[in-house]
1. Name the helices (runs of 4 or more DSSP H) wholly within the stretch B:198-284 that hold at least 1 residues that are more than 25 Å from the chain's Cα centre (by Cα)?
2. Being under 27 Å from A:Asp222 (Cα atoms), surrounded by fewer than 16 Cβ atoms within 10 Å (Cβ to Cβ) and either among the aliphatic types (A, V, I, L, M) or more than 14 Å from chain C (Cβ to nearest Cβ) (or both), is that true of even one residue in the stretch A:165-186?
3. Can you name every residue in the stretch A:117-144 that is within 12 Å of the chain's Cα centre (by Cα) and closer than 21 Å to A:Thr194 by Cα?
4. If A:Gln158 meets every condition in (1) of a type in the set (S, T, N, Q); (2) surrounded by 16 or more Cβ atoms within 10 Å (Cβ to Cβ); (3) away from every other protein chain (no Cβ under 14 Å) apart from one, which number is that one?
5. For the stretch A:187-230, give me each residue that is within 14 Å of chain C (Cβ to nearest Cβ), within 17 Å of A:Ser263 (Cβ to Cβ) and more than 19 Å from the chain's Cα centre (by Cα).
6. Cβ-Cβ distance below 7 Å, separation of 6 or more or different chains: which pairs start in the stretch C:25-52 with a residue that is β-branched (Val, Ile, Thr) and end on one that is in a strand (DSSP E or B)?
7. Evaluate the following for B:Arg116: is it within 30 Å of B:Asp20 (Cα to Cα), away from chain A (no Cβ under 14 Å), buried (at least 18 other Cβ atoms within 10 Å of the Cβ) and of a type outside the set (A, V, I, L, M, F, W, C)?
8. Read through the list (1) outside any strand (DSSP E or B); (2) at the interface with another protein chain (Cβ under 10 Å from one of its Cβ atoms); (3) not charged (D, E, K, R), then give the number of the only condition that A:Ser58 fails.
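Every number here is computed from the coordinates shown, using simple stated rules; none is lab data. Source: prediction; values computed, not measured. Here the Cβ positions follow ideal geometry from the backbone for every residue, glycine too, while neighbour counts run over all protein chains shown.
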Amino acid sequence: MRSQHVWLPEPVRVLSRKQELETTWTLELEPGQSGKGGFLPGQFNMLYVFGVGEIPISFSGDPSQTERLVHTVRAVGPASSQLAASRPMATVGLRGPFGTGWPMAAAEGSDLLIIAGGLGLAPLRPAIYHVLNNRERYGRVVLLYGTRSPDDILFREQLEAWNRLSDFDVHITVDHAGSDWTGKVGVVPALVPTLAFDPEDTVAMVCGPEIMMRFTASALRDAGVDDESIYLSMERNMKCALGHCGHCQFGSNFVCKDGPVLSFDRLRGLLSLKEF
Amino acid sequence: MDDHGVSSVITLDGLQCLLDALARRGYQVVGPRVRDQAIVYDELARVEDLPVGWTDEQDGGHYRLKQRGDHALFGYAVGPHSWKRFLHPPRVGLWQATVVNEDRLHFEPVRDDAPRYAFVGVRACELAAIAIQDRVLMDDNHADPHYRSRREQAFLVALNCSEAGGTCFCDSMNTGPDVKTGYDLVLTELLEEESHGFLIQAGSDEGADILSELPGTPATGAHHRAAREVVERTRSNMGRSMPQTAIPALLMDNLEHPRWDDVAERCLSCANCTMVCPTCFCTTVEDTSDLEGVTAESSRRWDSCFNADFSYIHGGSVRNSTRSRYRQWMTHKLATWVDQFGTSGCVGCGRCITWCPVGIDITEEVRAIQGDSSQGEQT
Amino acid sequence: MKSIAQLVCEHPFFQGLNSEFCDLMCGCARNVRFNPGEYLFHQGEDADHLYLIRHGQVALELAVPGKSPVSFQTLHDGDVVGVSWVLPPYHWSSDARAMSLTRAIAMDAHCLRKKCDEDPALGYAVLKRLLPILTSRLNATQMQILDVYGAPEERQ
């Protein structure tokens, strides 16, 4: 039935709403039929707000938990602002899951560099949950998280908890800070060369603003990581998530179905092109 | 050409019988008609509804109807319409959302009673375009239900071209002018001093069924020879040609070529090329709600990569300049399309050249980049 | 306990420098320590030292009127603090504050400049080590100016 109506959203209730940052909220939704089959870390749903429209929002929850769909939303446009303001018991429209995931299976046995910038930590959080749920399958795991200032650190308590784990390295850096900040100050790419890892046996997963990803990919390449082992989560305008509306094209890639997670060898050369 | 049985020769009366047979079978028959000084696709009941005796003069940014001086029914090239306006309509209602019990949403698909279309006079380039849109909108895990319902019911009466337009270049795209596959029936107009008829051949079982109902005479070797001469004459009259080179690599290796600046100075970013293109498939979604806030509707309409908000993400468009939009359109059409769908997105119909208000010629743009590149290689 | 010469020559900044040059510069070096909150230097003061951090964390800061100072970079074990000592008129361009107990090697700038001036080969070797630090700071500054995380990130 649903397969015939690829455009038709399913109504689901908002179960909870939690403020993360000044303009960022995490919503938990009923999974509906769409969410029953689970999702891959890195995938997204199209969420519809009544009368305003649909927007793609990445999963930010634990992929082993299917009773609730977790999405972290920053209120910036009309749809995301309304979505972020949704009260528990409100209904939203749901289509998904869509897109490719982080290379969790392919990365087994390797060291992982998980590099997030700003709200880019949200689409990477399911990958982190997956790694922690299956810790024995991965080598050394390092999370490098950069954001604007100490007040903009997403999932802060969780980051601190992860950092206390003996087998999970968490490095947080901010662009600028006041004197009460005792952590690192500086940009993410500058920290890449300071991390000890074997570039031959490392898979890097990067999500953040495009400029941050571009510089980070470049720092990873300089450190000797193969293009095929660097994965970025791309962002483009999306209307359908089906590969039909054409909006999300980036070169040959439809970001909605060939991505959002794409290996750097598919983006190389195009990422630095102006207005491509 | 096919293995669906015999070929016949029919007269104009036979053609009328075809239109009637299609209507009797419940098809909405659509074909070329003259309207507003252009040949467009519209409902068709009588042979006389066709653009009898008309032809078109086409060039970059130029389209004019002229009398031919004979009674040819299909003596012109393609006009501003393509069949995509029926298979992938400019606007389609997707679904309605209704608020029930104060806050619960209910989603209901908008009823989409697609007519069963019979297209009459589908040229080889247009069959190629339909085959391309099939790949885009049906050959996937997420087939578009609106396109699929129209497409699967459509009956295609194809046409071997007897006239090449001034902007035609199907021969160099290997899509025409002769029809090869993907049709139910195919016509070749045979117009001579003393006789006017059509060689008609079936390409499907349903086509063969209908053909068997038509009054006609068995086609002879002479008729087939005459039909081949028609398309060969058309082939030799192509107004344009696409350079025979590895175009995808040429364009992707020249993404910063100065020619993009050059074309950007001429391009008005008007989106005409994408509207008339028979393969351009991009759409946007519009959401509207009633004043009471009880129902909202989502609909889809054609969009264009030349529109400013096409590439909008949080606070700005990725492609602001005309240069970047033209580059996106042309590299998609001729290069990245091949990666995506295993075929070029261009069928050589020439519409984008004719209907460009400033006459930008996609074949000329390729040639310009190619010319500079090959000069570069020589030095 | 390691000699000052060993500490200087083993510091990442001088790693790979030939031992002759290294020995030459050791005469300019001494061990220093800064307690948390203590400033290594302030903006505008004479840049009379180059600091090689052995252990600790140092924040480069700018004073902002009416606000607490803003830190734009932190430096850690193995990093170098201060490049202004090589550029006339030799004034610090920011404050440097120890965030934790920091042990460092302070190289006297007058002494360093004199040795570099006298031996251009040494000077060149030192500059080659300083330039990457300058360019990476410049790159970082560019990214910070862009304020990449400040832009909204809605996919719409």
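1. Once the helices (runs of 4 or more DSSP H) in the stretch B:198-284 are filtered for at least 1 residues that are more than 25 Å from the chain's Cα centre (by Cα), what remains is B:205-213, B:221-235, B:247-252, B:259-266.
2. yes
3. Correct list: A:Gly117, A:Gly118, A:Leu121.
4. The one condition A:Gln158 does not meet is (2).
5. Scanning the stretch A:187-230 gives A:Ser218, A:Ala219, A:Ala223.
6. Qualifying pairs under 7 Å: C:Val32/C:Ala104; C:Val32/C:Ala106.
7. Considered against the rule, which asks whether it is within 30 Å of B:Asp20 (Cα to Cα), away from chain A (no Cβ under 14 Å), buried (at least 18 other Cβ atoms within 10 Å of the Cβ) and of a type outside the set (A, V, I, L, M, F, W, C), B:Arg116 comes out as no.
8. For A:Ser58, the failing item is (1).
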